[in-house]
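Notes to accompany the following structure.
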């Protein structure tokens, strides 16, 4: 309930807690925290929209194609009445407002993520004088500007793309005329596009969405977690039994887990302390409080929120950093230096290097606000960032698909054939092998993310062996794993290193060129270190292959020919069974970790993670 403001600030906070009596202002909320605010709505290209009086009429009724305005719509009427009835039944006195312009500006920042124009401030000042705080809150929350931002945010969150003009128009209409935000989210999650996006990987078999991948993506996007060990398999079984995905998604957004996430997200936006009992009260009384929109308007109009605004705790977010991060995450993962992910990263951060970057030399950082959002925004985005769970195991090399389109012969075989042949016998004799160190994979051993040449080294020598790997878990498509790894590398090192693959790509090299290069590596090889340092590696190489390939009795030249034929056979197997994924980029833009950064990078990705590598970047209402 809202009560009369007390004399002291401390008492005022308690007295003005209105509809959230047990809520206290978070200690950290006194600081300006740009990471708490949601991403600015990305404007989708639209056709001609009504303007002037016709535009105002279309916006008021929430008609398809209506312009995005902050003006109240017809949906503000039931919102306002609900707030008024709650005040009357609860014996609530509206919170005292000493500076209406400040409060209206603060509400604009929380709901619409912008400052009001002079005209908008004048209009809502009149609304306040006539209908009080409840009128301002219901007006902003029902506006087409806010509804369009909700629609766009859900498309970014669920489908990793902005809404089209038609989707934006139709979605806004639905929200204006009674479809709740959770049900709208479920309508997107129930589409064929969402199902297909749940496993959009490539390789010989192309995309392969399934009931399991659908549930994985549902949890990843809507609650930011891995599937619940009990409920998750139940959803999978329902879909496998023929239940429509739309019904499963609808059931999902009615769960306590989803509602808890949405309530916490609102608390995060408003800078309120998420006291467990208070949060749970809203979850338990979801329908009594009017669902998500009822809870949000209730909290927006609360005395605590008004006090926070007047105390200067609601600041306009850094919209530039938010838009830049959105641009980065939406960039395609290609080698294009202008539009590709790595190219956009380098542009936004002024081409950072190992010695000059935002992590090593913050004083030289050209975009510190963006770097802070990139590396810490995930901790305060409202939606839990716990979808990545790293696990270590041995993966069959024959199961893995490369995510880069270049695998260098020299980088694959140069070490074991030309510098240190000692691991070769182990590759044949041991089912599980470690090649220098573990490689990074994703999707439970489906994709190679980092360590392609360690994988190809073992593959060419023994394609039936298992390789030590750390797996980052489910990703809807391979490029998502590349992006989240690059974000973690940027957080750890401050820059993205690239390497060239050379001109000996195993996916394109001819057999003649392959045999020529292998012969040169073996004939010219020298031990890198140890007691044989500087001595030829050829005798050890031939010996290592003799028993596994049954080459006893052959001359050295014959053995060399047999080894080349065997290795080439495995190249052909790789091309047939382990071809790189669809739209795989070149090596220059691939994630590069070292023995010193490998595990720290995985630690940064492990949930709960502070990194911003998926939508929503930061928390928002709706």
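Coordinate-derived values only; no laboratory data. A quick note: this is a predicted structure, and the numbers were derived from the prediction, not measured. Positions of Cβ are backbone-derived with ideal geometry, glycine not excepted, and every protein chain shown enters the neighbour counts.
Once you reduce the range 453-511 and the range 197-268 to the center of their Cα atoms, the two points are 28 Å from each other. Extending 7 Å from the Cα toward the beta-carbon at both residue 513 and residue 422 defines two label points whose distance is 3.4 nm. Normalised by 2.2 N^0.38 Å, where N counts its residues, the alpha-carbon radius of gyration of the chain equals 1.14. Residues within the reach of a label modelled at residue 126 (point 7 angstrom out along Cα to beta-carbon, backbone nitrogen below 19 Å), restricted to the range 48-91, are 52-61, 69-77.
Across all directions of projection, what mean area in square nanometres is found for the Cα convex hull of the range 417-489? Write down the numbers at each step before the final one.
On the way: hull surface 20.9 nm².
It is 5.2 nm².
Once the Cα atoms are used to define both axes, helix 478-493 deviates from the longest principal axis of the chain by about 90 degrees. Among 353-365, 177-189, sorting by the average number of other beta carbon atoms lying within 10 angstrom of each residue, highest first, gives 177-189, 353-365. Each Cα pair under 8 Å and six or more residues apart adds its sequence gap; the mean of these over the residue count of the range 69-220 is a relative contact order of 22 percent.
Between 0 and 90 degrees, the angle of helix 409-418 with respect to the longest Cα principal axis of the chain falls at about 50 degrees.
Express in nm, to one decimal, how much length is gained between residue 170 and residue 81 on full extension, taking 0.36 nm for each residue of separation and deducting their alpha carbon distance.
29.5 nm
If you look at the Cα atoms of the range 84-206, you get an Rg and a Dmax of 19.3, 67 Å.
Calculated FRET efficiency, residue 99 and residue 56, Cβ-Cβ r, R0 45 Å, to nearest 0.05?
Details: r = 28 Å, r/R0 = 0.63.
With a Förster radius of 45 Å, E is 0.95.
Taking only the alpha-carbon positions of the range 60-126 and ignoring solvent, what does the Debye formula give for the base-10 log of I(q)/I(0) at q = 0.11, 0.12, 0.19, 0.24 Å⁻¹? Treating every Cα as an identical point scatterer, log10 I(q)/I(0) equals -0.35, -0.41, -0.96, -1.20.
Helix 165-176 and the longest principal axis of the C-alpha atoms of the chain enclose an angle of approximately 40°. Distance between the pseudo-spin-label points of residue 499 and residue 354 (7 Å out from Cα toward the beta carbon): 1.2 nm. Note on the chain: antiparallel DSSP beta bridges, both residues inside, total approximately 60 percent of the bridges counted. Normalised by 2.2 N^0.38 Å, where N is the number of residues, the C-alpha radius of gyration of the range 509-574 stands at 1.17. If you plug the beta carbon distance of residue 526 and residue 555 into 1/(1 + (r/R0)^6) with R0 = 25 Å, you get a FRET efficiency near 0.65. For the range 560-578 and the range 94-165, what is the separation of their Cα centres, given in Å? Comparing the Cα centres of the range 560-578 and the range 94-165, I get a distance of 64 Å. Summarising the overall dimensions of the range 332-481 from its C-alpha atoms, the Rg and Dmax are 18.6, 53 angstrom.
Using the alpha-carbon positions of the range 488-622, Rg (one decimal) and Dmax (whole number) come out as 21.9, 76 Å.
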